[in-house]
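What follows is a short report on a single structure.
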Amino acid sequence: MRKLFFDLETYSQVPIKHGTHAYAEQAEVLLFAYAIDDGPVKVWSPVEEPGLLAPKELRQAAEDPQVQWWGHNANQFDWTILKHAMPALAELVGPERRFDTMVQAYAHGLPGGLDLLCDIFGLEQDQRKLKIGKTLVRLFCIPPAKNLVRGRATHETHPLEWKQFKDYATSDIVSMRIVHQRMPQWNYPRNGIELALNQLDQRINDRGVQVDVGLAEAAIDAIAAAQAQLTERTQALTDGDVTNATQRDRMLAHLLESYGVQLPDLRKSTLERRVNDPELPAGLRELLAVRLQASTTSTAKYQTLLRGVSADGRLRGILQFCGAARTGRWAGRLFQPQNLPRPTHEQDEIDAGIEAIKTGTVDLLFDNVMAITSSTIRGAIVAPAGKKLVIADLSNIEGRVLAWLAGESWKLRAFREFDAGNGPDLYKLAYAKSFGVAPDQVDKEQRQVGKVQELALGYEGGVGAFLTFAAAYGIDLEEMGEQAYDTLPADLKEEAARFFAWCHEQKRSTFGLTERAFVVCDTFKRSWRRAHPMVASLWRELGDAVVSAVFQPGTTFTVRKLKVRRDGNWLRIGLPSGRNLCYPSPRVDDGKFSYMGMDQYTKKWQRIHSYGGKLVENVTQAAARDVLAAAMPACEREGYAIVLTVHDELITEAPDTPEYNDARLAELMSTQPEWAADLPLAAAGFETYRYRKD
């Protein structure tokens, strides 16, 4: 197979930050740079030859089924542009011939930016993008300011800069081609399953979701009105000292000066603890409540929906294939569906809130407009006419996959019994074991505590992990500590108490918890590990295998269902599905493993340290992703058109008829892949006309 590398430089009146699909509707191609295999780079300018479909060589490459077309971020950008600006050319190249070097990078644990990839692979200066490129892009690709006398820059108005612009387009192809050659191909393009999934991902992104534009517009108006009222109330409560509730530093200074209250920050968790304190003056509690409301806003989400929606009312391009670098899960783009706020209202209140927002009466029915508009954001995704949303979620998939990878037989049996209707829910079972009660006595809120235990402790986490998940699920650890303390096993409680004392002696963090709450959390950790010996030993075995592999390149280490191997400057962990998790530039210092990766907090390419539990988390989440991905083609074939995937959930559009239902979608999703025939799976779902959290 021959390879054509290509890149577009484009112009549109719509800002690219509004989303590629909205941008593409008004886009024109300025430059079309391309090269075949290692041949010379050529730059065609459609604006200089407006009547030409494409140069002969380019058209022949489009018609030739033996030519692969490679672009960087081409799946999300270039092909979207070509479908609008050059549909006749785009139609000649089928999805099976479209490849993306950005996806190749993501699939192997690398960042997506071409500039950064050039740095990572040490490209020489003459192989990189020209530094003047950003200036030229601003000149030719971005509409000029309205007060700029010269108007739009073109090849006619700026011929010298236009020549430099073509040189810049040439350098893009050179960089892309070299980076492609230096990246591995274990997961892409050699892996046929991943290629097929990438093509499905393109169809999902092109399909998009239907948006309730009216709800988004009304929500923005309601939020603006509520913010104005909160601003007015803030000024009244502070005598004008703080002019806006969102002014963090001024608010902190006012609280200290006027009330003698020194807060470490104004985060939601901090404010919620203080706003319910009856000892505080009423004025102070109201001020904190106002700040809490003002900081709870989904304005940006609603604005993104409106800016990015296409002419037909659909929002497209909101998923990134393999965007989660260390697991290969889908990541969100534009609307960021993976990061939607957790609703603070029950569903009946949310439904009422949507109607109130759309009729302009939300401020009459809800005291906290900011909170209800945050809870209704999912409802902006709707089913089109004649369709319904059929949604299903894999049940406790990480817990199931972790037990399966580790060979924790008792837990696998417990999952199978629960699925057969003969055993308790595993989250309820976790709570019941910790609190000494029967599983059937565990209520919905208590089940959340059990869920936090399972999520926090499965990857070698301790009290800190417990605290993180408890905050996410709104669990008061001090209250939990009071309830659970007397039910704890005496030996484990004593060990936890000694650990608490040691932390104090060593000046190690106890996370601001009282001794009782800390001891309860730490005892839960010890109890969980005692009950899961195979999981606990997997942490150690995988961590040891990774260290050994770093020192013994070319040797494969088998860790139960996983394969660990170092090849050159890459360490990879082979998953049961055949996919590889990749760790660039592996290193071991003083027995500790590290690799180069994109830090999720600093957003910089830097050395990241890892350990057994974290590696087990990576492979578990990756295998869970592969389970979901394996079911997606079958769902599509049966008429469940996938419009979105959020974590372990599929949101599909289907005809509004009884034969399409959540039970069938759940059945398809819980079908074991060939490589996981003994993995117990279950899924549950619902049908709706407006997206919601079940």
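A few remarks follow.
- The stretch 542-577 and the stretch 383-432 have Cα centres separated by 29 Å.
- Val646 long-range amide H proximity, modeled H, under 5 Å: Ile651
- Segment Glu479-Ala88, length gained on full extension (0.36 nm per residue, minus Cα span): 134.2 nm
- Efficiency of FRET between Trp502 and Val261 - r from beta-carbon atoms, R0 51 angstrom, step 0.05: 0.95
- Rounded tilt (10° steps) of 248-259 against the dominant C-alpha axis of the chain: 30
- A 1.4 Å probe run over the protein chains yields, for the stretch 394-529, 47 Å² of accessible area per residue, whole-number rounding.
- All Cα-Cα distances of the stretch 394-479, cut into 5 Å bins from zero to the largest, leave 3, 14, 23, 27, 20, 10, 3, 0 percent in each bin in turn.
- Where the Cα pairs of the stretch 338-427 fall when distances are cut into 5 Å bins, in %: 3, 11, 16, 13, 11, 10, 12, 11, 8, 4, 2, 0
- Average accessible surface for the stretch 1-139: 42 Å² per residue, computed with a 1.4 Å probe over protein heavy atoms with every protein chain in place.
- Within the chain, helix-based [θ] at 222 nm, where runs of 4 or more DSSP H residues each add -39,500 (n - 2.57), nearest 500: -14500 deg cm²/dmol
- Split the accessible area of the chain by element, probe 1.4 Å, and carbon with sulfur accounts for 49%.
- The ellipsoid equivalent to the alpha-carbon distribution of the stretch 115-224 has semi-axes of 33, 32, 13 angstrom, derived from the gyration tensor eigenvalues as √(5λ) and listed largest first.
- Charged side chains reduced to their Cβ positions (Lys and Arg at +1, Asp and Glu at -1) give the chain a dipole of some 1920 debye around its Cα centre.
- Ratio of Rg to Rh over the chain (Cα coordinates, Kirkwood Rh, two decimals): 0.98
- Extreme residue, positive dipole direction of the chain, given options Leu457, Ala654, Pro384 (C-beta unit charges): Leu457
- In this rough spin-label picture, where each label sits 7 Å from Cα along the Cβ direction, the Glu286-Asp37 distance is 7.9 nm.
- P(r) tail fraction, the stretch 197-240 - alpha-carbon pairs more than 17 Å apart, %: 61
- Gain upon complete extension [Leu52, Asp277; 0.36 nm per residue less C-alpha separation]: 73.8 nm
- Largest first, the three principal axis extents of the alpha carbons in the stretch 577-681 are 61, 32, 18 Å in whole numbers.
- Stretch gain in nm, segment Glu232-His158, where the contour uses 0.36 nm per residue and the Cα spacing is subtracted: 21.5 nm
The values are calculated or read from the model by the stated rules, or taken from the named source; none is laboratory data. Note that the coordinates shown come from a computational prediction; the quantities given were computed from them, not determined experimentally. So basically every Cβ, Gly included, is an ideal-geometry build from the backbone, and we count neighbours across all protein chains shown. These area figures cover heavy atoms from the full protein model, side chains too; ligands, DNA and RNA do not enter into them. Shrake-Rupley method; radii C 1.70, N 1.55, O 1.52, S 1.80 Å.
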